[in-house]
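Take a look at the structure set out below.
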Amino acid sequence: SAHLPAATPPAKPALTLTRLGADSAPRAERLAVVVARRYRVAERAATEVVDAVFREAHRHGLDPVLVLAVIAVESRFNPIAESEQGALGLMQVVPRFHMDKMAGLPGGALLVPDTNIALGARILKDAIRRGGDELAGLQRYNGAVDDETQAYANRVQLERRRLEAELKKSRILELYLN
C-alpha cells in the first residue's frame with residue numbers, strides 16, 4: 001500500500017481586512033473565537049459567519065453584535081435551520097413574507113450563510129426603521145409586534161450582552177497574555 005503524506009490542516013481563513021476595516025478586524029477575529037466556543041461551531045465556519053455579519057452590518061448601519069445575537073436566538077448558528085413556519089437559515093428568514101426582497105435569488109439561496117445574512121440584515125434594518133427603535137424593530141423582525149412583554153427583543157438583548165461580555169473577557173485575556 002502506498003504511503004500517503006500527512007495532510008496539513010487547512011489554513012484558518014483570514015478576515016477580509018479591506019472589507020472590514022483595520023479597526024474592526026481584531027474585534028471580528030475575537031468575536032469569531034467567541035462564537036466558535038459559545039455555540040460549538042467550527043472556527044472556520046464561525047469566522048465566515050462573523051465576516052459576513054460585519055460586512056452586512058456595516059452596509060446597513062447595524063451593530064454586528066446585535067446581528068450575531070439575532071442569529072444566536074434564531075438558529076443557534078445552524079445555517080440549515082428550518083422552522084415549522086418555514087423560516088430558513090441562520091437568521092430564520094420567512095420567504096413568503098419577503099418575496100419582494102428575494103427577487104432573483106435561486107431556490108435554496110436562503111440556506112447559504114452569506115445570502116441569508118445579507119437578506120436578514122436588510123430585513124432587520126427595515127424592521128428597526130419601521131418600528132421606530134431597536135426594541136420595537138426586534139419585535140417586528142420576530143413577527144411579535146403585539147407582545148407587550150417584548151420577550152423576543154429581551155432574549156436578543158440578553159444574548160447581545162452575553163456576547164459583549166465574552167468579547168470583553170477575550171480582550172482582557174489577550175492583553176494579559178501579550
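The values are calculated or read from the model by the stated rules, or taken from the named source; none is laboratory data. From a predicted model like this one, the values you see are computed outputs, not experimental measurements. Please note: Cβ atoms are built from the backbone with ideal geometry, for glycine as well, and neighbour counts cover all protein chains shown. We work out accessible area using only protein heavy atoms, side chains counted, and drop any ligands, DNA or RNA first. Shrake-Rupley method; radii C 1.70, N 1.55, O 1.52, S 1.80 Å.
A single member of 94, 73 is touching a Gly at 6+ places or on another chain (Cβ under 6 Å) and surrounded by 14 or more Cβ atoms within 10 Å (Cβ to Cβ), and it is 94. Residue pairs whose Cβ atoms lie under 9 Å apart, separated by 6 or more positions or on different chains, with the first residue in the range 162-174 and within 14 Å of residue 32 (Cα to Cα) and of a type in the set (Ser, Thr, Tyr) and the second open to solvent by less than 90 Å² (accessible area, probe 1.4 Å) and modelled with pLDDT of 90 or more, are 170/30; 170/31; 170/33; 170/34. Applying the set (1) within 21 Å of residue 142 (Cβ to Cβ); (2) exposed (fewer than 14 other Cβ atoms within 10 Å of the Cβ); (3) modelled with pLDDT of 95 or more to residue 59 leaves exactly one unmet item: (1).
Out of all the residues in the range 28-49, which are open to solvent by less than 20 Å² (accessible area, probe 1.4 Å) and either touching a residue at least 40 places away in the same chain (Cβ under 8 Å) or closer than 16 Å to residue 115 by Cβ (or both)? If the condition is that a residue be open to solvent by less than 20 Å² (accessible area, probe 1.4 Å) and either touching a residue at least 40 places away in the same chain (Cβ under 8 Å) or closer than 16 Å to residue 115 by Cβ (or both), then 31, 34, 35, 49 are the ones that fit. Can you find a residue that is of a type in the set (D, E, K, R) and either over 16 Å from residue 69 (Cβ atoms) or in contact with a Ser or Thr (Cβ under 6 Å, 6 or more places away or on another chain) (or both) anywhere in the range 155-167? Within the range 155-167 (the criterion being of a type in the set (D, E, K, R) and either over 16 Å from residue 69 (Cβ atoms) or in contact with a Ser or Thr (Cβ under 6 Å, 6 or more places away or on another chain) (or both)), the answer is no, since none of the residues qualifies. Is one or more of the residues making up the range 150-160 closer than 19 Å to residue 120 by Cα, at pLDDT 95 or above, out of contact with any strand residue (DSSP E or B) (no Cβ under 8 Å at 6 or more places or on another chain) and loosely packed, with under 12 Cβ neighbours inside 10 Å? Checking the range 150-160: not a single residue is closer than 19 Å to residue 120 by Cα, at pLDDT 95 or above, out of contact with any strand residue (DSSP E or B) (no Cβ under 8 Å at 6 or more places or on another chain) and loosely packed, with under 12 Cβ neighbours inside 10 Å. The set of residues in the range 69-100 being among the charged types (D, E, K, R), in a helix (DSSP H, G or I) and within 10 Å of the chain's Cα centre (by Cα) consists of 74 alone.
Residue check: residue 133 meets all listed conditions (1) open to solvent by 70 Å² or more (accessible area, probe 1.4 Å); (2) touching a residue at least 60 places away in the same chain (Cβ under 8 Å) but one, namely (2). The set of residues in the range 1-27 being modelled with pLDDT of 50 or more, surrounded by 10 or more Cβ atoms within 10 Å (Cβ to Cβ) and not hydroxyl-bearing (Ser, Thr, Tyr) consists of 25, 26, 27. Only a single item in (1) open to solvent by less than 60 Å² (accessible area, probe 1.4 Å); (2) touching a residue at least 40 places away in the same chain (Cβ under 8 Å); (3) of a type in the set (Lys, Arg) is not met by residue 101, and it is number (2).
Of the residues making up the range 101-135, those that are assigned to a helix (DSSP H, G or I) and either modelled with pLDDT of 85 or more or within 14 Å of residue 91 (Cα to Cα) (or both) number 24. Inside the range 75-93, can you point out the residues that are closer than 21 Å to residue 36 by Cβ and out of contact with any helix residue (DSSP H, G or I) (no Cβ under 8 Å at 6 or more places or on another chain)? Result: 75, 76, 78.
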